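Quick notes on the structure that follows.
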Amino acid sequence: MSQPAISRSTVFPKWTPETLDIHHIDIGSGNATLIVGPDGTTILIDCGTSKDASVGQDDSHRPGELVAAYALRNSPSTTLEYLVATHVHPDHVGDVHSDKTAMGSGFQRTGLSDVDHHMPAKLVIDRAYPNYGLRPPLSAPFTDNYLAWLDARRQEGREVSRIDVGSKSQIKLRSPEDYPTFSIRTLAANGLVWTGNGQESRSLFPDLGTLPPEALPEENKCSIAFLLSYGLFRYYTGGDLTCDTYDGRYPWMDIETPVAKAAGKVDVAVANHHGYFDACGPDFVTMLDATTYIIPAWHVTHPGMAQLQRMLGAWPGVARRNVFATRMLPENRLLNNRFTSEMCSQQGHVVVRVAPGGGSYKIFVLDSNDEQDFVTAEFGPYLCN
C-alpha cells in the first residue's frame, strides 16, 4: 500500500464530472454511505442514529443533520436522487431520541428522515414497504417512527418504492446514456438473491410457514445488497447480511455466501454487519476477493477478531489486503491489538474515489472530528481488476 505524507491543512478535493465518489461517513452511531455518480447523481444508503446522544464534532446537531451537512459539502447537488434503507434497524434508519423539536408530520426526524428534511430525496427505496408479508420489521418505537415517515412521504405525493431484486435499472444515473459502463445491480433483499441470469432472482428462505418461531429470518437477513460497477471497477455493499447458521442447525441462514457468490470478484467491499461475529465468513472474503475492505464500525463489537484477520489476510505467506474502519472504539482496538497495526485506518470518513472511466481508484481518509474534511491519509492509486 502507498501512503504519501499528508498535511492536516489538505482539504479533500471536490468531486469533478466523470469521477465516482463513495463516501463511508463516520457518524459513530451507524451506517451512512454517500455515492456521487460520474454525472453527479446522488445516492445515500442508510443513515443510522443508534444512540440518544449526538456524536462527533458538534453535540448540538443530530447525526442525521451532520450526515446531510457532509453530503451537501461533498456533492454537486442540494437534493438526493435516491435515499435507500438497507433494512429497518436504528443504526441504519434512525432511532427515536430526546429532541422534541425535531418533528415532522406525525413522526420524529431522525436518521434518514432527518437527511430527507435537509437534503430532499426524489425517491426513497425500502426493502418491502408497505407490505412486508411474513417478514415484518421488529415491533419497536424506531420502526413505528420510520414507517410513519414513509407514510407521510406518500401522503405528500413523494415517492417510496420497494426494492426490485435482480434489477440494475431501478437505481440509475440521471444521464445513463453518457456512462454505459455504470450500473447498480440489486443482488439481494428479503431472502431473494439474483441468479446471474437477466433480472431473475430466487429465494434463499425455506417455506416460512414450516419454521418454528426461533428459526424465522430476522431483519438482518432481509438486508438489501448491491453491486456497483463503473468500467472495470466493482464495489459490493450488503447492509447487515449474515452467515451464522446457529452452528449448522439451519444451513439456509447463511445468506451472505450465496450473495457474495452472485457478486463475484470486486475491488472494494463493505463488511457485512459491521464485521460482527456472525458475518464476513471465509466464503465472503474468498468469493469477493477484494483488494480493499471497509468496516462501518461504531460499537465495541465491531469488528470481530476472526473477521478482521480474515479481511486483512493476516496469515503467514498471504498477501495483505487494505482494511479501513470508520470508528473502532478503544476497547475493540485492545481486543484486536494483534491486527490493528496492519490496518490502513481505524477512524475517519473513508472515501473511495474512482478515476474517470473506472480503471483505477484511490482511498482517502478524512478527519471526522470536525466539518473541515481534512485529508489525514491517501492510498493508491490501485488498478481495477
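The values are calculated or read from the model by the stated rules, or taken from the named source; none is laboratory data. Every value quoted in this text rests on a predicted model; they were computed, and no experiment measured them. All Cβ positions, glycine included, derive from the backbone under ideal geometry; neighbour counts span all protein chains shown.
Brief remarks follow.
- Yes/no for Glu214 being among the acidic types (Asp, Glu), closer than 27 Å to Gly48 by Cα and touching a strand residue (DSSP E or B) at 6+ places or on another chain (Cβ under 6 Å): no
- Matching residues, the stretch 231-248, being within 26 Å of Ala355 (Cα to Cα) and either charged (D, E, K, R) or crowded, with 24+ Cβ neighbours inside 10 Å (or both): Phe233, Arg234, Tyr235, Tyr236, Thr237, Gly238, Gly239
- Output for the stretch 295-313, where each listed residue is in a loop (DSSP other than H, G, I, E, B) and on the phi < 0 side of the Ramachandran plot: Pro296, Ala297, Trp298, His299, Val300, Thr301, His302, Pro303, Gly304
- So Gly198, is it at pLDDT 95 or above, touching a helix residue (DSSP H, G or I) at 6+ places or on another chain (Cβ under 8 Å) and not β-branched (Val, Ile, Thr): no
- In the stretch 275-289, the qualifying residues are those that are under 16 Å from the mean Cα position of the chain (by Cα) and assigned to a loop (DSSP other than H, G, I, E, B), and the one that is farthest from Asn385 (Cα to Cα) is Tyr276.
- One residue stands out in the stretch 341-369 among those that are more than 22 Å from the chain's Cα centre (by Cα) and within 30 Å of Val300 (Cβ to Cβ): the one that is surrounded by the fewest Cβ atoms within 10 Å (Cβ to Cβ), namely Ser341.
For (1) surrounded by fewer than 21 Cβ atoms within 10 Å (Cβ to Cβ); (2) under 19 Å from Gln307 (Cα atoms), each residue gets a yes or a no:
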| site | (1), (2) |
| --- | --- |
| Glu219 | yes, no |
| Ser229 | yes, no |
| Tyr250 | yes, no |
| Lys265 | yes, yes |
| Gly275 | no, yes |
| Phe284 | no, yes |
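- A search for C-beta distances below 7 Å between a residue of the stretch 17-44 that is more than 12 Å from Val350 (Cα to Cα) and any residue that is at pLDDT below 95 and among the hydrophobic types (A, V, I, L, M, F, W, C), counting only pairs 6+ apart in sequence or on different chains, returns Gly28/Val55; Ser29/Val55.
- Options Arg162, Arg158, Arg153: the member that is surrounded by fewer than 20 Cβ atoms within 10 Å (Cβ to Cβ) and farther than 14 Å from Thr186 by Cα: Arg158
- Residue match in the stretch 99-110 (condition: touching a Leu at 6+ places or on another chain (Cβ under 6 Å) and either farther than 17 Å from Leu80 by Cβ or of a type in the set (S, T, N, Q) (or both)): no
- Elements of type strands (runs of 3 or more DSSP E) in the stretch 317-385, at least 2 residues being small (Gly, Ala, Ser) and touching a residue at least 60 places away in the same chain (Cβ under 8 Å): 375-383
- Meets criteria (among the polar types (S, T, N, Q) and within 25 Å of Val96 (Cβ to Cβ)) for Asn197: no
- Residue within the stretch 345-352 that is farther than 28 Å from Tyr230 by Cα and of a type outside the set (Gly, Ala, Ser) present: no
- Filtered residues of the stretch 308-351 (kept if touching an Asp or Glu at 6+ places or on another chain (Cβ under 7 Å) and hydrophobic (A, V, I, L, M, F, W, C)): Leu312, Ala314, Val351
- Cross-chain or 6+ apart pairs with Cβ under 8 Å, the stretch 63-78 first and under 21 Å from Asp39 (Cα atoms), then small (Gly, Ala, Ser): Ser75/Gly40; Pro76/Gly40; Ser77/Gly40
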